[in-house]
1. If only Cα atoms are counted, what is the Rg of the chain, and what is its Dmax, in Å?
2. Between residue 104 and residue 74, how many nm apart are label points set 7 Å from Cα along the C-beta direction?
3. Can you tell me the length gained on complete extension of the stretch residue 228 to residue 26, counting 0.36 nm per residue apart and subtracting the Cα distance?
4. Any chance you could check the Cα centroid distance between the range 134-187 and the range 35-107 for me, in angstrom?
5. Taking the Kirkwood radius as the inverse of the mean 1/r across Cα pairs, report the Rg/Rh of the range 85-193.
6. Report the calculated FRET efficiency for residue 156 and residue 183 (r = Cβ-Cβ distance, R0 = 25 Å), to the nearest 0.05.
7. Less than 15 Å Cβ to Cβ from residue 204, Lys/Arg counted +1 and Asp/Glu -1: what total charge do the surrounding residues give?
8. So what are the ³J(HN,Hα) numbers for the range 196-205, from phi and the Karplus equation (6.51, -1.76, 1.60; θ = phi - 60°), rounded to whole Hz, Gly and Pro as x?
Amino acid sequence: MTSPQARRPIVAANWKMNTGPDDGAKLARAVAAQGLPFARVDVVLCPPATGLAAVAATVRSTPVAVGAQHVYWEASGAYTGEISVPMLAGLATYAIAGHSERRQLFGETDLDVQRKTLAILAGGLTPIVAVGESLDQRDAGQTLDVLRSQVTLVFEALSPDETSASVIAYEPVWAIGTGRNATPEQAQEAIGWIRDTVAEVQGSTAADQVRIQYGGSVSPDNCDELLSRDGIDGALVGGASLDAAAFAAIVRAAAP
Ligand code: 13P
């Protein structure tokens, strides 16, 4: 068994539909200048597509990595407005798939998320696969079933090695942008269920190695109690990541 300490924490900033090239580069420069513990934690910035080139150029000589918020699974062709994984060459080494905003607002299905994850891996990037239950689902006692179904539909299509190389973000929908974070107990329990599901689908080695973040109203005020928990391998941060100092505090809390 890989000890939890062997999984390198990863903290990713999801800037969502905020910042253009200039203010994105400025924010990236501010993050890179925070004196972060890069030897102990992976740090990823996910700007909107129009900021990828500027942010990538800004952090090129730093340990900060860049991720895309969204990709399409085909490599090229008549898909107006979409961005493929090969088009991210030189710009990003991570890509998010399955964010609840994409699922809820843009109709992405579990099968779409599976296709995107496969395309991200095929292109040599690291997927951050987001899963999470709605408030209605939690209140109805369906959280475990929802997570099991979302995780299984993506990870049954991968190999154990691809699974180990992936990142999963547990983001309960009710905690995103609401200021109401999951309690450390809720996050740890759900992440345990996700890891158990990965073990069922891809075996215990992949389950021990895959990194699972928590996301949903992570802030400098709650990051210590969330990120000190065994099994929570970092955070996917929305609102607080738009402030370099707040994001830096979260990165520091994730460092072992
Ligand atoms: P907030 O941190 O703003 O709740 O957003 C979380 C999120 O959706 C990150 O992907």
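1. Both quantities, over Cα of the chain: 16.7, 48 Å.
2. Placing both labels 7 Å along Cα→Cβ, they lie 3.0 nm apart.
3. On the way: separation 202, 0.36 × 202 = 72.72 nm, distance 3.00 nm.
Answer, rounded to one decimal: 69.7 nm.
4. Rounded to whole Å, the Cα centres lie 21 Å apart.
5. Values: Rg = 14.2 Å, Rh = 14.5 Å.
With Rh from the inverse mean 1/r over Cα pairs, Rg/Rh is 0.98.
6. Values: r = 30 Å, r/R0 = 1.20.
Rounded to the nearest 0.05, the efficiency is 0.25.
7. On the way: positive: 7, 195; negative: 161, 196, 200, 208.
Charge balance in the 15 Å sphere: -2.
8. 4, 5, 4, 5, 5, 8, 10, x, 6, 5
Read the figures in this text as sums done on the coordinates, not as results from a lab. This one's a predicted model, so the numbers in the text were calculated from it and none came from an experiment. Positions of Cβ are generated from backbone atoms using ideal geometry, with glycine treated the same way; all protein chains shown enter the neighbour counts.
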